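Quick notes on the structure that follows.
The values are calculated or read from the model by the stated rules, or taken from the named source; none is laboratory data. In this text, all values refer to a predicted model and were calculated from it rather than measured experimentally. Virtual Cβ from ideal backbone geometry, glycine too; neighbours counted across all protein chains shown.
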Amino acid sequence: MNSSRVVKCPQKLSWIILLSFPLGCSSVADELSDFTSDGCSAFPEGTIEQKQLWHSCCVIHDLAYWKGGNADERKAADIALESCVAEVGEPGIAKLMLAGVRVGGTPWLPTRFRWAYGWPYLRGYKEAVEDELRQIERKTEAAMELLQAQGAILGGDN
């Protein structure tokens with residue numbers, strides 16, 4: 001009788017392991033929150049004379065950070081921010097901002113401006129699955145329409 005208990009326990013345990021394996025390793029989509037931007041986070045939006053000079057650079061950078069992606073996409077977003085701020089005439093500020101986002105934008109910190117902040121915390125550098133790509137596309141379109149209507153990004157009514 002003891003041997004039958006020993007046999008049944010591993011069978012039950014194997015079913016538990018088998019049934020829980022897909023939950024931890026599946027490609028089920030997470031839910032992307034609606035886009036939000038705090039502009040340049042804790043950094044000035046422009047100079048004393050032109051208070052919003054590189055604000056739109058930060059909003060576009062926030063779009064990339066909100067949707068997340070792999071580490072190369074993060075680096076490209078950070079370099080695009082640096083280029084944008086340099087193009088408005090502030091190359092020194094651009095380099096400072098690049099250093100700040102490279103350090104402070106890691107996905108592993110529980111900040112409101114971390115990489116992939118639109119997704120649940122600890123997503124890291126995860127690639128989007130098919131359903132997530134549809135969410136990104138739909139919510140990005142809505143965000144762009146709103147931002148352009150508000151004149152918050154280049155190409156808006158500013």
* Is there a residue being modelled with pLDDT under 95 and either touching a Leu at 6+ places or on another chain (Cβ under 6 Å) or surrounded by fewer than 14 Cβ atoms within 10 Å (Cβ to Cβ) (or both) anywhere in the stretch 40-50? -> yes
* To do: Take the stretch 47-99 and flag every residue that is among the β-branched types (Val, Ile, Thr) and touching a Pro at 6+ places or on another chain (Cβ under 9 Å).
  => Val85, Ile93
* Among the helices (runs of 4 or more DSSP H) contained in the stretch 55-158, which hold 3 or more residues that are buried (at least 18 other Cβ atoms within 10 Å of the Cβ) and without any contact (Cβ under 8 Å) to a residue 60 or more places away in the chain? -> 55-67, 71-87, 91-104
